[in-house]
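Remarks on the structure that follows.
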Amino acid sequence: LALKGVAAVGDGGHLITDCELVRAILALLYLVDHPGDGHALGMVWGSSLVAALGLQPTDDPAEMILAGNKVAHDVRTQILSIGLGPWMATLGGSLKDLNAFETQRLNALVTAAHGWTDRIELRLSTFFDHALSMKVGVESDALVRVVTIHAAKGLEYDAVVLPELIGLMNRAPKVVSS
């Protein structure tokens with residue numbers, strides 16, 4: 001709907017990973033657990049985290065890998081030292097020129113990370129998996145609400161669109177009985 005210029009909001013919130021910054025931070029955490037992972041490394045290098053992490057831009061893949069491995073080691077050391085929440089809050093504080101959307105998503109991620117601070121885990125995969133499924137509420141005055149048919153039961157709307165039924169209603173049934 002957004003691509004069609006229609007302002008809409010889904011009940012139950014949106015996945016936190018709808019924000020490029022959050023995806024880059026999660027890629028960094030993945031890189032901490034999997035140093036040398038090319039996809040995670042590329043996401044970090046292509047993001048606004050480069051400056052915040054003190055990385056020097058380079059086009060040399062070997063330099064990127066070496067710097068990525070060092071950053072992964074340094075981040076792991078910091079997280080083990082101060083905890084995931086404080087580390088992520090510090091990272092967030094070093095990011096510049098965030099818009100309201102990025103700030104809201106980052107704050108939700110930092111809040112979730114603080115819940116993991118007291119856990120003593122060497123792997124970040126449990127937090128990573130949790131973050132991938134996190135939903136955040138959206139403050140919106142959008143007139144279009146996207147809900148499941150079950151959530152819509154009992155509610156009154158001026159118009160209801162059932163996109164899955166449109167194709168079914170325009171063709172002859174496939175089952176023929178005698």
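The values are calculated or read from the model by the stated rules, or taken from the named source; none is laboratory data. What you see is a predicted model; the values in this text were computed from it and never measured. Virtual Cβ from ideal backbone geometry, glycine too; neighbours counted across all protein chains shown. Each accessible area value is taken on the protein alone, full model and side chains, heavy atoms only, with ligands, DNA and RNA left out. Shrake-Rupley method; radii C 1.70, N 1.55, O 1.52, S 1.80 Å.
Once you sort the root eigenvalues of the Cα gyration tensor of the chain as a ≥ b ≥ c, which label holds: rounded (a/c under 1.5), prolate (a/b larger than b/c) or oblate (the other case)?
prolate
Anyone know which of THR148, THR17, THR111 comes out most mobile in the 10 Å Cα GNM of the chain?
Per the Cα network of the chain with a 10 Å cutoff, THR148 tops the list.
Per-residue HN-Hα couplings for region 97-108, Karplus 6.51 cos²θ - 1.76 cosθ + 1.60 at θ = phi - 60°, whole Hz, x for Gly and Pro?
6, 7, 7, 4, 4, 5, 4, 5, 5, 4, 4, 5
Once neighbouring chains are kept in place and the probe is 1.4 Å, which whole percent of the accessible area of the chain is contributed by carbon and sulfur?
59
Could you provide, to the nearest whole Å², the per residue accessible area of the chain with probe 1.4 Å?
Each residue of the chain exposes 66 Å² on average to a 1.4 Å probe.
Could you size up the charge dipole of the chain around its Cα centre, putting +1 on the beta carbon of Lys and Arg and -1 on that of Asp and Glu, and report it in debye to the nearest 20?
Here the size comes out at about 460 debye.
So what is the relative contact order of the chain, in percent, for Cα pairs below 8 Å that sit 6 or more residues apart?
In percent, rounded to a whole number, it is 36.
Given 0.36 nm per residue, what is the gain on full extension from SER81 to VAL147 after removing their alpha carbon distance, in nm?
Stretched out fully, the SER81 to VAL147 stretch lengthens by 19.5 nm.
Using DSSP loop states and a limit of at most 11 other Cβ atoms within 10 Å to flag GluC sites (Glu not before Pro), what is the longest stretch of the chain containing no flagged site?
Looking at the chain, 1-138 is the longest stretch - no exposed GluC sites (Glu not before Pro) with at most 11 other Cβ atoms within 10 Å.
Among the trypsin sites (Lys or Arg not before Pro) within region 5-97, which fall in a DSSP loop and have no more than 15 other Cβ atoms within 10 Å of their own Cβ?
LYS96
Given the DSSP H assignment, sum -39500 (n - 2.57) over each helix run of at least 4 residues in the chain and divide by its residue total; what's the result at 222 nm in deg cm²/dmol, nearest 500?
-16000 deg cm²/dmol
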